[in-house]
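Below you'll find the structure, written out as structure tokens, and then a few comments.
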Amino acid sequence: MVKRFDAKVAVAGIDLDVPAGSFFGLLGPNGAGKTTTLSMAVGLLRPDAGTAWVLGHDVWSDPVRAKALLGVLPDGVRLFDRLSGPELLAYHGLLRGMDPAVVDQRARELLDVLALADAGRTLVVDYSAGMKKKIGLACALLHAPRLLVLDEPFEAVDPVSGALIRDILHRYVAGGGTVIFSSHVMEVVERLCTHVAIMAQGTIKRVGTLGEVRGDRSLEDVFVEVVGGRTATGEELAWL
């Protein structure tokens with residue numbers, strides 16, 4: 001896939017295969033093109049060239065079927081935040097044509113598991129940043145998709161909620177689902193992922209299983225080397 005914004009090339013041509021049943025981490029520095037890539041892959045942003053396939057269905061020529069298999073948590077997306085958590089889940093379920101009784105049952109279970117049930121009638125606009133991440137994840141899981149695409153799912157999430165989300169995602173993959181997520185937190189990626197891709201300057205620099213990508217080194221060391229990172233010398237910032 002390719003995407004340009006005026007003269008800037010955000011994604012310079014990506015060909016990426018995500019194995020079914022994998023926990024796939026997409027890494028890259030700020031501005032690498034991760035969010036643009038994921039947005040094109042799930043049908044939120046039309047590519048200038050190329051296409052995306054979800055379990056055999058073209059996201060752009062067969063969007064209804066492809067998106068029925070997808071659960072998406074975009075980074076910074078605006079929710080219908082003048083609704084309470086239960087109302088937001090009910091709205092998402094009805095938009096997807098789900099049976100109201102099924103929506104109600106699943107919504108109660110999701111709110112309970114994600115520790116959001118106590119929020120009651122509180123509007124989502126008044127949720128904390130971590131709570132908004134969790135209700136967004138609940139919306140993505142509601143229709144039992146086979147593929148989850150999560151953009152920075154652990155950002156602004158406290159350690160307790162982070163552990164809960166990791167447990168849910170582990171169970172989801174163990175049940176046959178596939179997860180693709182972007183993150184800057186190497187520890188989380190190393191703990192969760194079976195496969196990793198490192199992205200920089202709009203292209204994939206390295207991809208493979210976690211073991212193939214990092215070898216006998218830490219993932220952080222490999223990442224810094226691949227994206228061209230640097231450290232301060234002893235002479236720099238000597239005034240600190």
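The values are calculated or read from the model by the stated rules, or taken from the named source; none is laboratory data. Bear in mind that the values here come from a model prediction, so they are computed numbers and not experimental data. Reconstructed Cβ throughout: ideal geometry from the backbone, glycine too, with neighbour counts over all protein chains shown. Ligands, DNA and RNA are excluded from the accessible area calculation, which covers all protein heavy atoms including side chains. Shrake-Rupley method; radii C 1.70, N 1.55, O 1.52, S 1.80 Å.
Remark on the stretch 41-114: Rg and Dmax equal 14.6, 42 Å (Cα only). Taken over the stretch 1-137, the percentage of Cα pairs per 5 Å bin, counting from 0 up to the bin with the maximum distance, is 2, 9, 16, 17, 17, 15, 13, 8, 3, 0. In the context of the full set of protein chains, residues of the stretch 94-240 present 53 Å² of accessible surface per residue (probe radius 1.4 Å, heavy atoms only).
Annotation: peptides 128-139, 58-69, ranked by per-residue average of other Cβ atoms within 10 Å with the highest first, follow the order 128-139, 58-69.
Here, the stretch 182-221 is characterised by an Rg to Rh ratio of 0.93, where Rg is the alpha-carbon radius of gyration and Rh the Kirkwood radius. Take residue 109: with every protein chain present and a 1.4 Å probe, its accessible area is about 100 Å². The alpha carbon gyration tensor of the stretch 68-155 gives principal lengths a ≥ b ≥ c with a/c of 1.5 or higher and a/b no greater than b/c, which makes the shape oblate.
Among the listed pairs 8/133; 3/67; 8/134, which have their C-alpha atoms separated by more than 28 angstrom in this model? Going by Cα-Cα distance, 8/133; 8/134 fall outside the 28 Å limit. Ligands, DNA and RNA aside, residue 212 has an accessible area near 130 Å² when probed at 1.4 Å. Pull out a ≥ b ≥ c, the square roots of the eigenvalues of the alpha-carbon gyration tensor of the chain, then state rounded if a/c is under 1.5, prolate if not and a/b is larger than b/c, and oblate in the remaining case. Here the chain falls in the prolate category.
What a 1.4 Å probe finds exposed on the stretch 26-86 is 56% carbon and sulfur by accessible area, rounded to a whole percent.
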